[in-house]
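Notes follow the structure.
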Amino acid sequence: MARPGSHDASRLTPSSDRTFRAMVRFERRLIGFAAALAFPPAIVAAVLLWTSGVDWSTRITLGVALLLVWGATAHALYGHVVRPLQTIANMSAALREGDFSMRVRGGGTDDALAFAFFELNRLGAALREQRLSALDATALARAVMREIDVAAFVIDDAGVLRLVNRAGERLLGRAAERMIGQRAESLGLAAVLTGEPTRTLDASFTTGGTRWQLRRSAFRQGGHPHQLIVLADLSRALREEERSAWQRLLRVLGHEINNSLAPIHSIAATLREQLARPVRDPEWEEDLASGLEVIGGRSASLARFMAAYTRLARLPDPTPGEVNVADWIHRVARMETRLDVEIVEGASVTLHADSDQLDQLLINLVRNAADASLETGGGVRVGWSTSDSMLDVWIRDEGLGLPDTANLFVPFFTTKPGGSGIGLVLSRQIAEAHGGTLTLTNGDGCEARVRLPL
């Protein structure tokens, strides 16, 4: 029996006329085959009745009985062969058409035919679950694509737009209904279909900035190739980052300049009052000399600060040359005279880099390590190693560690008395100018690690 709410597949008409005609021809052949099987026995029975001595009424009765037996045999053959085949054909046609709600009656495991029905029901249930899962996944993908804050486009192999999200509508200034089905060239998207799949693109659209992060990937849908285009506006992010950098820089500059100007202004006002008095204090010359000394010292400090800022802002491009790593590290280690720097030898390698800038980078890091170790009476170790075509240079101290890792590379931020706050910033700038990186981590002290391409 069919489950509640299910349909009986044996009652359905095949969806294809060709299939229906084929089934009718099969039924006729089957009935003809049954008649052919029953015809010889019927002839023999008729001959025996004709030659026997029974009366006519008996003969007619037996003949009718033979016809009824033949008809019952044909009906039973039809019911046990034709209808199950019709059921299987109808169920298969429904599955092919995408109707997975049907179930076949008699789907058990009592015999081979019932087992076939049982497997058809299981196949229909499995296909229905797969369709529901696919529909859910598609709905989720469309919802995510619709809500993300980057412009996304799906373009087929003919260059025709097939799907666009809300951000894409805003970018091109048109509704999706007006764009779907149009060629990418007419929408101004021709440049995104060629070139590197991941790159920074300079382009102007109806809205948004002029610099974009392009990501392009290929996939297949319905057996046909498609491309997913994602465009992220970099102009806004760059402007926000630039504004944040300026705010940090101005905050530090303002703090440092105010620290120098406030005492200068105060002392200058005091000295002006002293000079304006008709009768000056006996020690006024000493106060004048002391005040002028403070003003001179703060002015010199401010001049040094501005010189450091100028130096940081005007770092020249590297002038590459051959740099022997062992010679470089030994040369810088000898410059630190306050303590002995231990060197852990690595492989013999050569860099193509600016020797003067690398010296300045390593001098800053070794000096910082020595400053930290002198506070605790510890030592400094410097070594290097190579891996994956990269050079790793590490500097380890035995100090107290980093007190504030968040502001390490903020220009002019320093925790050392008299520090300029540009050493680490300048060192990282040199490393990045050579295609490398600079990182600092806390451990038993602090470790600075410079990675440079060989």
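Any residue in segment 81-88 that is at pLDDT 65 or above, hydroxyl-bearing (Ser, Thr, Tyr), assigned to a helix (DSSP H, G or I) and surrounded by fewer than 17 Cβ atoms within 10 Å (Cβ to Cβ)? No, segment 81-88 has no match at all. I need the full set of residues from segment 192-211 which are at negative phi and modelled with pLDDT under 85, in order please. Result: Thr200, Leu201, Asp202, Ala203, Ser204, Phe205, Thr206, Thr207, Gly209, Thr210, Arg211.
Selection of first residues in segment 341-363 that are farther than 20 Å from Ser389 by Cβ and of second residues that are surrounded by 17 or more Cβ atoms within 10 Å (Cβ to Cβ) and among the basic types (Lys, Arg), restricted to Cβ pairs under 7 Å at least 6 apart or on distinct chains, gives the following pairs, ordered by first then second residue: Glu342/Arg381; Val344/Arg381.
Scanning segment 188-198 for residues that are surrounded by 12 or more Cβ atoms within 10 Å (Cβ to Cβ) and out of contact with any Lys or Arg (no Cβ under 8 Å at 6 or more places or on another chain) gives Gly188, Leu189, Ala190, Ala191. In segment 155-187, what residues are of a type in the set (Gly, Ala, Ser), buried (at least 16 other Cβ atoms within 10 Å of the Cβ) and not in a loop (DSSP other than H, G, I, E, B)? Selection gives Ala167, Gly168. Quick check on this structure: which one of Ser385, Ser355 is within 15 Å of Ala326 (Cα to Cα), touching an Asp or Glu at 6+ places or on another chain (Cβ under 6 Å) and modelled with pLDDT of 80 or more? Only one candidate passes the filter, namely Ser385.
Can you confirm whether segment 121-144 contains a residue that is at pLDDT 75 or above, crowded, with 16+ Cβ neighbours inside 10 Å and either among the hydrophobic types (A, V, I, L, M, F, W, C) or touching a Gly at 6+ places or on another chain (Cβ under 6 Å) (or both)? Looking through segment 121-144, at least one residue is at pLDDT 75 or above, crowded, with 16+ Cβ neighbours inside 10 Å and either among the hydrophobic types (A, V, I, L, M, F, W, C) or touching a Gly at 6+ places or on another chain (Cβ under 6 Å) (or both). Residues of segment 340-374 that are more than 17 Å from Glu447 (Cβ to Cβ) and either part of a strand (DSSP E or B) or over 43 Å from the mean Cα position of the chain (by Cα) (or both): Asp340, Thr350, Leu351, His352, Ala353, Leu374. All of Gly436, Gly423, Gly401, Gly378 fail the test of being in the same structural domain as Asn368 (by TED's automatic domain parsing) and at pLDDT below 75, apart from Gly423. Residue count for segment 375-392 satisfying the condition of being farther than 18 Å from Ile430 by Cα, surrounded by fewer than 15 Cβ atoms within 10 Å (Cβ to Cβ) and in contact with a Leu (Cβ under 9 Å, 6 or more places away or on another chain): 5.
Here's the yes/no breakdown for (1) at pLDDT below 75; (2) within 30 Å of Val425 (Cα to Cα); (3) not assigned by TED's automatic domain parsing to the domain that holds Val425:
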{"residue": "Gly254", "(1), (2), (3)": "yes, yes, yes"}
{"residue": "Ser266", "(1), (2), (3)": "no, no, yes"}
{"residue": "Trp284", "(1), (2), (3)": "yes, no, yes"}
{"residue": "Leu302", "(1), (2), (3)": "yes, yes, yes"}
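Please indicate, with yes or no, whether at least one residue in segment 313-325 is loosely packed, with under 13 Cβ neighbours inside 10 Å, modelled with pLDDT under 85, in a helix (DSSP H, G or I) and out of contact with any Phe, Trp or Tyr (no Cβ under 6 Å at 6 or more places or on another chain). Yes, segment 313-325 contains at least one residue that is loosely packed, with under 13 Cβ neighbours inside 10 Å, modelled with pLDDT under 85, in a helix (DSSP H, G or I) and out of contact with any Phe, Trp or Tyr (no Cβ under 6 Å at 6 or more places or on another chain). Looking at segment 156-183, which of its residues are farther than 18 Å from Gln213 by Cα and in contact (Cβ under 8 Å) with a residue 60 or more places away in the chain? The answer is Asp156, Asp157, Arg162. Using the structure shown, decide if Ala190 is touching a helix residue (DSSP H, G or I) at 6+ places or on another chain (Cβ under 6 Å) and not assigned by TED's automatic domain parsing to the domain that holds Ala94. No; evaluated as a whole, the condition is false for this residue. Residues that are at pLDDT 70 or above, surrounded by fewer than 14 Cβ atoms within 10 Å (Cβ to Cβ), in a loop (DSSP other than H, G, I, E, B) and outside the structural domain of Asp354 (by TED's automatic domain parsing): does segment 236-244 have at least one? Looking for residues that are at pLDDT 70 or above, surrounded by fewer than 14 Cβ atoms within 10 Å (Cβ to Cβ), in a loop (DSSP other than H, G, I, E, B) and outside the structural domain of Asp354 (by TED's automatic domain parsing), one finds none in segment 236-244, hence no.
The values are calculated or read from the model by the stated rules, or taken from the named source; none is laboratory data. Everything numeric in this text was worked out from a predicted model, so none of it was measured. Note: ideal-geometry Cβ built from the backbone for every residue, glycine included; neighbour counts use all protein chains shown.
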